[in-house]
Structures are given as C-alpha cells and as structure tokens.
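To start, the structure under review is shown below, and the notes come after it.
The values are calculated or read from the model by the stated rules, or taken from the named source; none is laboratory data. This one's a predicted model, so the numbers in the text were calculated from it and none came from an experiment. No Cβ is skipped: glycine too gets one built from the backbone with ideal geometry, and neighbour counts run over all protein chains shown. The area values use the complete protein model at the heavy-atom level, side chains included, leaving out ligands, DNA and RNA. Shrake-Rupley method; radii C 1.70, N 1.55, O 1.52, S 1.80 Å.
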Amino acid sequence: ISLTLLFSFCRNLLARKQNARLDKQNDLGWKLFGKVPLRENTQKDSKKIQKEYEDKTGRPSKPPSPKQNVRKNLDFEPLSTTALILEDRPANLPAKPAEEAQKHRQQYEEMVVQAKKRELKEAQRRKKQLEERCRVEESIGNAVLTWNNEILPNWETMWCSRKVRDLWWQGIPPSVRGKVWSLAIGNELNITHELFDICLARAKERWRSLSTGGSEVESEDAGFSAADREASLELIKLDISRTFPNLCIFQQGGPYHDMLHSILGAYTCYRPDVGYVQGMSFIAAVLILNLDTADAFIAFSNLLNKPCQMAFFRVDHGLMLTYFAAFEVFFEENLPKLFAHFKKNNLTPDIYLIDWIFTLYSKSLPLDLACRIWDVFCRDGEEFLFRTALGILKLFEDILTKMDFIHMAQFLTRLPEDLPAEELFASIATIQMQSRNKKWAQVLTALQKDSREMEKGSPSLRH
C-alpha cells in the first residue's frame, strides 16, 4: 500500500509541475505581443459599471446621444453651417444663449428655403430643357414627314412655294438634308457614278505613279507639270489632316479619311485646270457627312462650278473684286455706321470674306450652324453667302465698332465658338438685299459691266 501511495503522490507532483511550466510559457507568449492574459471575472457588465458610477456620484448618468456618438467616432469636426447651427455646444463649453440659438435656427431655416428655391429653379430649368428638346424632336419628326411625303415626291412643283421656303428657313432635317441638297444644287455637269469611278481610278494611278517616281503625263494633263500635280496631292494630304480636327473622323485612320481623299483626288483629275485649292476639303467633308461618296462628288463638282465658287477657287482677282464691291454696296445700305468704321480703319472685305466664302462658313462656324447656312444657301444661291456675312457683322456690330483694325480682323477670322443659331438667323432676317430698288444679281451684273468697260478703256489693264 505504501508503495502505491508513494507512486500516486509522485505522479500528481509531476503533473502539477508540467501545468505550472505551461502557464509560464503562455504568460511569456502574451507578453511578447504586449498583451496581458485574461483573468476570470475581470470583465464587468456595462450596467454594473453605470450603477457603480451612479452610486458614487449620487446622480444618474445620461446615456450618450446618437449625435454625440457620431461626433466621437468622426476623425474631424463637421464644417457645414448646418452642423454649427443645429448641434449643441460641447459639455465643456457654456450653452448657447436662447437669442443666439433662435438666430441660428432662423439662419438655418433661411438657408433651407434658399436651397429649396435653387433646387426648384434647377428642376424648372431641366424641365424646360426637356420640353424644348421634345418640342424640337417633334418638330423635326413632323418636318421629316412633310419633306418625305409631300415635298420630295413633288419637288419640281413645290420647291419654290412659300410653304417650302418657310420650312427651308427653319432648317432641313438631317435625315433628308443630303437628298434636298442634291436636288437644290442640281447636276448641270451631268456627272454619273461611272464618271466618278473613272476619275477615282485615274487619281489612284496618278498617286501610284508619283509614289514610284514615274513621269508619265496623260494627254489631258499635258499642260500641267508633274511638280504641279504632286504639289496638289501633297496639299490634299495636308488639308485633310486639318479638316474638322475636333471630330477626328477625316484624319489618317478615321472612318471618312479615304472617302474625303477619294473625292478630292477625283476632282483634281476631273478638273485639272482648277486642281486642288485650300478650303475645298471642308466643302467636300460637309457633303460626305450627308451623302454617299459618289453623290457627294457629283454635288461637290456642281457646287464648285457655280459662278461665285469658280471665281474664288480659280482666283479670278477681277471677279473677286467685283463680288467684294457688290458686298460693300449692301454693307453700306444695311450697316452704315459699321461700314464707316471699317473704312476709317481700312478693313477691307477680303480680310474676312475670303475664308467664309472659300469654305462656305463650314470652317468659321459650328458645324450644325454651318449646315443650316448651307440649307438656305442651296435655296437662295450665292446671295445668301453675302447676306450671312452681313448678318454676322450686324450681330456683333456693337462689339466691332469699339475695336481697332487688328482686333476686328482677329475677331472676324476667329468667330465665337458658341455663336447661337437662332440669334444669327434673326440677324440675317433683318438684312435687306436690295439697294436703290436693285437686287443682288442686278447690282453684281452692273458692277461686272462697269469692270469690263474699264478693262476695254484701259490698255494697261488689258496687258
């Protein structure tokens, strides 16, 4: 028995030593991480703590408000005026006087009222914009139906009617614009799709020949040197890169680059006597946006064959001066004060008109506005180009009369980008293209006659 008791005693003693060693290792492990091992019954219930505090102070403690909890959890104090007005001051600061609290409350209420007014005003503005957009879309939809169902099927009898002219002035819907332009411009040159294909094939052959250093000269181009043709093609490349650069659709790699290059190249083959002139790329680009390639070429060629465009693109100085003189007749008639100011500062029409006429305003005005100008230009002809110029001058008359030569020239060669369409057309509508009972065509014809007579009477002019 004594041996059994001794063995049991030794086993219990060994077990206690092992347990003590494990506890010590645990304590060391906790200390390594800067922590203290939890002890039993060391945590107190939050209600017990609150009760002990109340017994010690003799007054019940207020539970923290939700706002105070939010404020304590924030890493920063709210900076809004609303927070300063609505929230009580911290406990360690004196409470707000009643008058100050009332004043802050009133300020807050005023702020709320102003905010609601702004929100209401913004909502009304958005509603008005939406209504205007819906109105415009409905108007365009109705106009499309009118053009497709009434006007286009009966073009020859209806295009010059009062109803159609009024509808034309409001702008042609984009979906029918190309068709209307083609009909209005016409095809006096009788160009076919097959002729376009021939001119395009010839242009591509010429590009290949120039790229390989060839010197073949076709019979119809015999009067034009290889250097002239190469310079024309190089100018096309350069101008295409500068055509509506913001759209990024005509530049190298863009979806319309090859179409624009094809039309301009084909035209240089169709009219080698004219070749390529700066500004043509903008006209061709606008047509491409509204017509197929072959139809755009037909419209382009016929458009450039009009007397005014041919005078400018062939750089017929005498005829260009006649157009400028006719323009000044109506300039003085409609805007005498601004006309005198331009004369005083020696600002001649060529400084600003050449760019406008060469590109038919497509470079000078926003594209959508330029298309509306084209709409009425297709209806009224070259006269509307000069009427538009006078409309622009009238719209900015007050600004221009305060400028000197340099600033006027800079302003007119770089018009504001946000030029409102309705204001411009309202300004154009006030321009009267009649001087001393003579219309544009009559004034231009009379000036051309005078110019011819002067050339006949002056030997120096003939030579």
How large is the accessible surface per residue of the range 336-463, computed with a 1.4 Å probe and reported in Å² as a whole number? 53 Å²
Provide Rg over Rh for the range 313-363; use the alpha carbon set for both Rg and the Kirkwood Rh (inverse mean inverse pair distance). 0.99
Within-15-Å neighbourhood charge of Asp350 [Cβ basis; K, R +1; D, E -1]: -2
Give me the percent of accessible area attributable to carbon and sulfur for the range 117-211, probe 1.4 angstrom. 53 percent
Work through the residues other than Glu383 whose Cβ is under 13 Å from its Cβ and net out their charges, Lys, Arg +1 and Asp, Glu -1. +3
Order the peptides 125-132, 348-355, 293-300 from the highest to the lowest mean number of other Cβ atoms within 10 Å of their residues. 293-300, 348-355, 125-132
Long-range HN-HN contacts of Met433 with modeled amide H, under 5 Å: none
From the phi angles alone, apply the Karplus equation (6.51, -1.76, 1.60; θ = phi - 60°) to the range 253-262 and give each ³J(HN,Hα) in whole Hz, x where the residue is Gly or Pro. x, x, x, 10, 4, 5, 5, 5, 4, 5
Given charges of +1 on the Cβ of Lys and Arg and -1 on the Cβ of Asp and Glu, with all other atoms neutral, how large is the dipole of the range 96-151 about its Cα centre, in debye to the nearest 20? 300 debye
The percentage of the accessible area of the range 317-463 (probe 1.4 Å, all protein chains present) made up of carbon and sulfur atoms, to the nearest whole number, is 52 percent
Among 111-123, 310-322, what's the highest-first ranking by average C-beta atoms within 10 angstrom per residue? 310-322, 111-123
Rounded D (µm²/s) - the range 102-143, Kirkwood Rh over Cα pairs, Stokes-Einstein at 20 °C, 1.002 mPa s: 171 µm²/s
In what sequence, highest mean first, do 181-188, 356-363 appear when ranked by Cβ atoms within 10 angstrom? 356-363, 181-188
Just to check I understand the Karplus step: with θ = phi - 60° and J = 6.51 cos²θ - 1.76 cosθ + 1.60, what whole-Hz values come out for the range 166-179, glycine and proline as x? 5, 5, 4, 4, 6, x, 7, x, x, 5, 10, 4, x, 5
Compute the Rg/Rh shape ratio of the range 378-425: radius of gyration over Kirkwood radius, all on alpha-carbon atoms. 1.01
Any chance you could check the Cα centroid distance between the range 111-158 and the range 406-461 for me, in angstrom? 35 Å
For the range 315-463, what mean projected area does the convex hull of the alpha carbons give, in nm²? 9.5 nm²
If I take all pairs of Cα atoms in the range 122-210, what percentage of them are more than 22 Å from each other? 52 percent
From the protein chains alone at 1.4 Å, what is the descending order of accessible area for Ile140, Ile428, largest first? Ile140, Ile428
Which ³J(HN,Hα) values in Hz, rounded to whole numbers, follow from the phi angles of the range 300-314 under the Karplus curve 6.51 cos²θ - 1.76 cosθ + 1.60, where θ = phi - 60° and Gly and Pro get x? 4, 5, 5, 5, 6, 8, 5, x, 5, 5, 5, 4, 6, 6, 8
Report the normalised scattering of the range 281-385 as log10 I(q)/I(0) at q = 0.11, 0.21 Å⁻¹, calculated by the Debye formula with identical scatterers on the alpha carbons. -0.38, -1.20
